[in-house]
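Before any comments, here is the structure.
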Amino acid sequence: MKLSEAMDIIEGGRRIGCCVMFEVRKRGMLVSDHFPDVLAGESGIQTEETAWSLAAQFAHARRDVVNVYVARADDFSPVPSYRSRMLSVHPPKD
């Protein structure tokens with residue numbers, strides 16, 4: 001058994017930290033994705049502010065991503081006030 005599997009059992013499957021959520025334009029559609037891949041055992045980003053910093057860098061580096069925001073790694077719920085900090089919003093706000 002992998003240590004990560006044992007820790008999931010011990011912690012009740014709870015993932016700690018944050019993830020950067022986003023959508024990618026593919027063939028005229030938006031496809032959701034996130035990083036780090038906490039579902040595959042990667043650790044969440046330790047702090048919300050670090051996650052927002054990585055989100056901004058990612059949104060700037062990739063022109064094909066939209067609706068970039070930070071969510072909790074344990075249940076993928078958006079962090080408080082995410083709407084006011086969302087990056088590369090699509091469709092653009094007027």
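Points to keep in mind about this one:
- Residue within the stretch 42-58 that is among the small types (Gly, Ala, Ser) and in contact with a Ser or Thr (Cβ under 7 Å, 6 or more places away or on another chain) present: no
- In the stretch 58-79, the qualifying residues are those that are surrounded by fewer than 11 Cβ atoms within 10 Å (Cβ to Cβ) and over 13 Å from the mean Cα position of the chain (by Cα), and the one that is modelled with the highest pLDDT is Ala61.
- Residue ranges of helices (runs of 4 or more DSSP H) in the chain with at least 2 members among the hydroxyl-bearing types (Ser, Thr, Tyr): 48-61, 82-85
- If only residues of the stretch 35-55 that are exposed (fewer than 15 other Cβ atoms within 10 Å of the Cβ) and of a type outside the set (D, E, K, R) are counted, the one that is nearest to Gly17 (Cα to Cα) is Gln46.
- Close pairs from the stretch 37-58: first free of Cβ contacts under 8 Å to residues at least 40 places away in the same chain and at positive phi, partner part of a helix (DSSP H, G or I) and hydroxyl-bearing (Ser, Thr, Tyr), Cβ under 7 Å, at least 6 apart: Gly41/Ser4
- Residue list for the stretch 11-45, restricted to those being in contact with a strand residue (DSSP E or B) (Cβ under 8 Å, 6 or more places away or on another chain) and among the polar types (S, T, N, Q): Ser32
The values are calculated or read from the model by the stated rules, or taken from the named source; none is laboratory data. Note that the structure is predicted; figures quoted are calculated from it, not measured. Methodologically, a virtual Cβ is constructed for each residue, glycine included, from the backbone with ideal geometry; neighbour enumeration extends over all protein chains shown.
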